[in-house]
Structures are given as structure tokens and as C-alpha cells.
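Comments concern the structure below.
Every number in this text was worked out from the coordinates using simple rules, so none of it is lab data. Note that the coordinates shown come from a computational prediction; the quantities given were computed from them, not determined experimentally. All Cβ positions, glycine included, derive from the backbone under ideal geometry; neighbour counts span all protein chains shown.
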Amino acid sequence: MSRSPHFSLTGCRAVITGASAGLGAEFARQLAPRANAVLLVARRRDALESLRSELLSVSPALRIELCVADLVTPDGIPNILGRLDETGLCPNLLINNAGRGDYGSVATADPDRLRAQIDLNITGLVLLTRALLPALCSHPASAILNVSSLAGTLPLPDAAVYAATKSFVTSFSEALRIEVAEKNVGVTAVCPGPTPTNFRNVARREGGADTDRSGDGFLALPPDEVVRQALRGLEAGRAVVYPGWGPTLAAWLFRYAPRRLLRWYLARRHARSGVNPAR
Ligand SMILES: NC(=O)c1ccc[n+]([C@@H]2O[C@H](COP(=O)([O-])OP(=O)(O)OC[C@H]3O[C@@H](n4cnc5c(N)ncnc54)[C@H](OP(=O)(O)O)[C@@H]3O)[C@@H](O)[C@H]2O)c1
């Protein structure tokens with residue numbers, strides 16, 4: 001298994017996207033005791049400010065900068081670069097965490113929601129990575145942590161676009177890892193299973209159903225444990241991390257099961273779920 005150059009979270013200067021809630025806020029909490037500085041990025045200023053107060057109450061020496069930016073708009077990334085310029089915070093860690101889903105069939109999807117999902121999960125992640133690579137490469141050791149998903153290992157009906165975007169994120173991360181290894185930039189993709197955050201409320205369509213949760217008992221992990229395992233994997237230089245034994249086993253099965261068998265199983269599950277009868 002390939003390992004990245006050694007990167008330590010101690011004293012790091014991190015940019016965290018989607019830091020106002022869920023896994024992003026948890027990344028900030030767990031980095032706070034060890035990091036030197038963090039730039040917290042999201043659209044909701046009030047949520048970022050309240051996280052800053054919480055972090056300062058336990059880590060008063062931590063330097064915390066906020067950046068209100070919408071990563072699906074053309075000025076999202078320039079805003080982040082502007083904040084980095086203003087503050088002189090030259091990051092050696094990028095956590096591409098912001099992401100969203102959309103539960104339901106493609107045929108009934110709102111095209112604007114589809115576009116926003118692709119723009120955030122793919123375009124925003126790639127372009128922010130591209131924009132920050134020169135800064136990351138200027139350090140003796142840096143790292144990128146891309147938040148992908150176990151869903152990226154499967155062609156997932158009723159989350160078809162979401163699963164495909166996360167498949168992209170994992171593939172992109174593994175290729176980038178090879179490209180930037182000689183610059184001492186480590187790249188890790190973390191692929192959580194279902195995690196109780198606000199994600200599912202955002203993914204659920206107005207008046208629409210939740211996704212099929214039949215495997216959750218086996219796959220779900222709390223956000224703090226997902227983040228702990230992701231950061232441990234990042235420091236260990238791992239290419240891909242599946243937090244928890246359930247997702248680890250599932251990813252292994254999905255990789256080695258015959259594709260035809262997998263499609264048959266997914267079709268049966270889809271027919272049984274009745275999540276979107278109007279599809
Ligand atoms: N929860 C799960 O079951 C699960 C499983 C596997 C992978 N993941 C992945 O984990 C990551 C974090 O998700 P989560 O579970 O923590 O969800 P969450 O609680 O909904 O948090 C999403 C974060 O992304 C930010 N965000 C959303 N749209 C944005 C935009 N256009 N520009 C900038 N920031 C934006 C949100 O902040 P604002 O609203 O303030 O902008 C929020 O901080 C995502 O990439 C998701 O795909 C989640």
C-alpha cells in the first residue's frame with residue numbers, strides 16, 4: 001500500500017470547507033488543540049462565528065480566520081484566496097469537506113439542485129485544490145484531505161448523481177496523490193458511511209422521502225469517530241480511509257463482488273425501498 005510523505009497535524013495551518021456544521025465543524029474541533037491556525041469556510045457567518053467562540057473557549061491560542069464563501073458561485077474561490085492574502089495564512093492543509101446530496105430519481109430531480117450538487121462536490125473541490133496547490137507545494141510537507149463517501153463505491157439509484165460525484169472525488173484524489181507526491185503533498189480521500197449530520201435534511205427534497213436506511217445499523221458511525229479516523233489516516237499517509245469496520249468491509253465487498261451481481265442486488269433493493277414511487 002502506498003504511503004504519502006510524513007505530514008503532522010501539529011502546528012498545521014488548515015483551510016476547512018463546509019466548516020459551519022457536521023463533519024467540517026468536527027474537523028475544526030479535533031484540529032483545534034494541535035493546529036496553529038484555521039480558516040473556516042462556509043456560507044453561514046453566524047454558524048462560523050459560533051464555532052469560533054466554541055473553539056476559542058477550549059483552544060485560546062488557536063488563530064481562527066473566517067471566510068464566508070459560496071463554493072458554487074464564481075466568486076467563491078476568489079473570496080477564499082482573498083482571505084488568505086489578507087490574513088497571510090499560508091495553508092499546509094486543505095480539507096475539502098463541503099458537499100451535498102439529493103435523494104430521489106434523476107428523472108424527477110430539480111436541474112438547479114443537480115447543478116449545485118455537481119458544482120459543489122466536483123467543480124468547487126477541484127478548483128479550490130488547483131488554486132491552493134502552489135501554497136501547499138511551498139511547504140516541506142503538506143496534505144489534502146478530500147471528503148468522499150462510501151456511496152462513491154456504488155452506482156446508487158436514488159442518489160445516482162451524488163454517488164457519481166463521490167466516485168469522482170475518490171478517483172481524483174488517488175490520481176492527484178501520485179502527481180504531487182514528489183512535492184511532498186500527501187492526499188487522502190475519506191469515504192464515510194452514513195453519518196448523522198444535517199446532510200440528510202439537505203439531501204431530502206421538499207415533500208420527498210429519506211433514502212433507504214436499511215444498512216445504517218451496520219455502516220453508521222458518529223461524526224467525531226469519522227473525523228478521528230480520517231485524521232489518523234491522513235497523518236499515517238493513507239490513500240483512502242473507510243471509517244469503521246462496517247464501511248471497510250462493505251467497500252471491500254463492493255470492490256470484489258461481480259458487477260452484475262451488484263447491479264442485481266441494487267435493483268432489488270431499489271424496487272423494495274419504494275422511496276420515490278413517483279419516479
Ligand atoms: N453525513 C453523511 O452521511 C455523509 C456520508 C458520507 C460523506 N459525507 C460527506 O461529508 C461532507 C460533509 O457533510 P456533512 O455530513 O457534514 O453535511 P452537513 O452537516 O450538511 O454540512 C455541510 C457543510 O457544507 C457547507 N456547504 C454547503 N453548501 C456549500 C456551498 N455552496 N459553499 C460552501 N459551503 C457549503 C455547509 O455550510 P453552509 O450551509 O453554512 O454553507 C456545511 O458546513 C460532504 O462532502 C458529504 O458529502 C457525508
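Under 8 Å between Cβ atoms, which residue pairs at least 6 apart in sequence (or on different chains) link something in the range 128-153 that is without any contact (Cβ under 8 Å) to a residue 40 or more places away in the chain with a partner that is of a type in the set (Val, Ile, Thr)?
GLY152/THR165; GLY152/VAL169; GLY152/THR170
Are any residues in the range 152-198 aromatic (Phe, Trp, Tyr) and touching a Gly at 6+ places or on another chain (Cβ under 9 Å), and if so, which ones?
TYR162, PHE168, listed by residue number.
Only residues that are in a loop (DSSP other than H, G, I, E, B) and either within 11 Å of the ligand (Cβ to nearest atom) or over 20 Å from SER8 (Cβ atoms) (or both): list them for the range 18-60, please.
GLY18, ALA19, SER20, ALA21, ARG43, ARG44, PRO60
Report, by residue number, each residue of the range 61-83 that is part of a helix (DSSP H, G or I) and under 21 Å from the mean Cα position of the chain (by Cα).
Scanning the range 61-83 gives GLY76, ILE77, PRO78, ASN79, ILE80, LEU81.
In the range 212-240, what count of residues is obtained for those that are within 16 Å of the chain's Cα centre (by Cα), away from the ligand (no atom under 12 Å from the Cβ) and not in a helix (DSSP H, G or I)?
Total meeting the criteria: 3.
Do we find a residue being within 16 Å of the ligand (Cβ to nearest atom), assigned to a helix (DSSP H, G or I) and of a type outside the set (S, T, N, Q) anywhere in the range 91-109?
The answer is no, given that none of the residues of the range 91-109 is within 16 Å of the ligand (Cβ to nearest atom), assigned to a helix (DSSP H, G or I) and of a type outside the set (S, T, N, Q).
Taking the condition of being closer than 19 Å to ILE16 by Cα and surrounded by fewer than 16 Cβ atoms within 10 Å (Cβ to Cβ), how many residues in the range 108-122 meet it?
Within the range 108-122, residues that are closer than 19 Å to ILE16 by Cα and surrounded by fewer than 16 Cβ atoms within 10 Å (Cβ to Cβ) number 0.
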